[in-house]
Amino acid sequence: MKTIHVDTGNPYDIHIERGIINRCGSIIRELSGAQKVTVITDSNVAPHYQWCVLNSLSEAGFTATSHVFQAGEQSKNLSTIAEMYNTLADFKMTRKDIIVALGGGVTGDMAGFAAATYLRGIDFVQIPTSLLAQVDSSVGGKTGVDIAQGKNLVGAFYQPKAVLIDPDTLSTLPDKFICDGMAEVIKYGCIKDKDFFDSLAKGNALENIEDVIERCVTIKRDVVSRDEREAGERILLNFGHTLGHAIEKLYNFNGITHGMAVAIGMVLITTAGEKNGITPRGTADKIAEVCRTYGLPTSDEASLVEIAKAAQTDKKTSGSDINLVLLNEIGSSFTQKVELEKLYDFISKN
């Protein structure tokens, strides 16, 4: 088992091991004296892992139940959270009890937000089952939901008690969800590790998936430990996300996955960096080539005018400015403020 310690205000460990989901109950028991556990999962993940986790929890002495919601980004809203609250209340969960987030990024974000807000905060554990969640969203304590005006505009920073990553769960994922997660993997190489990026370009990342997960998690751990609440360096983790979220919004969060949108966003913002004399010419082409290697799109039919307008409600705005993550070169990133009214000019410059 590989263990990575995260030194935030509430420190915790990330455990990576094949088959760890089958003994999650005993690991959680070592962390918690809770009597009750509510497993929150979605309709895609439940048939594969719900009973495995519930049985492990029961064997560890917990009284456990589950809450299953309809899978998909369209469920990531306050109505779904309210349904979770009802389950927690009906099960008579107390502040000493614990929630398990079992699933992908949507599940982790919402179950974490429910944990952060129910009874003003109860413990939760992340068991991410998608590649995107394993390499990115399950680590760092960001929780939240979407509202009509934009993605993740309501949420909280709330760290889990632990993250249990089982690479074997990836075997039940459709290929498109593996591709989805690879966008976040590529992001880490772009912003922090050129050697890692170059290794991804070889096209064999999935053959060494445990090492890939460990590298991504370690990079994120280091950033989050230095900047838990996104006051500075952590903003770099949003590379490709500002324009990516805007594209998701244009699709009403349906028909394009998060990873697909981020891949397009990384190429678009790097192209803008090149046009503005910030990033070396050809960098966007290198990123696009690696994205295509893992089945990700690199362009979209939406116009830059539409994308710029949709990005203006992004949570990375600050007054009349927006923080953009740009590359000095692959492996080296920084943030730059751009006036909102000049965002279109910045990304469309010839």
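Under 1.5 on a/c is rounded, so check that first for the stretch 2-172, then, if it is not, pick prolate when a/b is larger than b/c and oblate when it is not; a ≥ b ≥ c are the square roots of the alpha carbon gyration tensor eigenvalues.
Working: a/c = 1.27, a/b = 1.17, b/c = 1.09.
Here the stretch 2-172 falls in the rounded category.
For Lys142, the residues whose amide H sits under 5 Å from its own are Tyr158, ignoring neighbours fewer than 5 places away on the same chain, with H placed 1.01 Å from N.
Once R0 is set to 35 Å, what does the formula 1/(1 + (r/R0)^6) return for the Cβ-Cβ distance between Ser320 and Asp7, expressed as a FRET efficiency to the nearest 0.05?
Values: r = 35 Å, r/R0 = 1.01.
It comes out at approximately 0.50.
When the chain is modelled as a GNM with alpha-carbon springs shorter than 10 Å, which of Ser225, Ser320, Ser43 fluctuates the most? Comparing Ser225, Ser320, Ser43 in the GNM, the peak value goes to Ser320.
For the chain, what does the helix formula give at 222 nm: sum of -39500 (n - 2.57) over DSSP H segments with n ≥ 4, over the residue count, nearest 500 deg cm²/dmol? Intermediate values should be presented prior to the final figure.
Values: 12 runs with 144 residues, N = 350.
When only DSSP H runs of four or more count, the value is -13000 deg cm²/dmol.
On a 19 Å Cα-Cα criterion, which of the cross-link pairs Lys286/Lys342; Lys2/Lys220; Lys142/Lys342 come out too long? Present the calculation step by step, with values, prior to reporting the outcome.
Values: Lys286/Lys342 27 Å; Lys2/Lys220 16 Å; Lys142/Lys342 29 Å.
Over 19 Å apart, Cα to Cα: Lys286/Lys342; Lys142/Lys342.
Note on the chain: GNM, Cα springs under 10 Å; of Ala310, Ala261, Ala246, the largest mean-square fluctuation is that of Ala310.
Compare Val305, Val267, Val135 in a GNM of the chain, Cα atoms joined below 10 Å, and give the one with the largest fluctuation. Of Val305, Val267, Val135, the most mobile in the Gaussian network model is Val305. The ranking of Leu324, Leu170 from fewest to most other beta carbons within 10 Å of each one's beta carbon is Leu170, Leu324. Candidate values (1) 15.6; (2) 20.3; (3) 39.4 were compared with mean projected area of the Cα convex hull in nm² computed on the shown model; the agreeing label is (1). Neighbour counts of other Cβ atoms within 10 Å put Thr63, Thr313, Thr270, Thr257 in the fewest-to-most order Thr63, Thr313, Thr257, Thr270. In the chain, the longest principal axis of the Cα atoms and the axis of helix 283-293 are about 40 degrees apart.
Let me spell out the model: positive unit charges on the Cβ of Lys and Arg, negative unit charges on the Cβ of Asp and Glu, origin at the Cα centre of the stretch 224-341. What dipole size does that give, in debye rounded to 20? Don't skip to the end; give the middle numbers.
Numbers: 12 positive and 16 negative charges, 25 e Å.
About 120 debye.
I need Ile191, Ile186 ordered by Cβ neighbour count within 10 Å, fewest first. If you can, show how the numbers build up before the last one.
Details: Ile191 24, Ile186 28.
By the 10 Å Cβ count, ascending: Ile191, Ile186.
Where a number appears in this text, it was derived from the coordinates with a stated rule and is not lab data. A quick note: this is a predicted structure, and the numbers were derived from the prediction, not measured. Ideal geometry is used to build each Cβ from the backbone, glycine not excepted, and the neighbour counts take in all protein chains shown.
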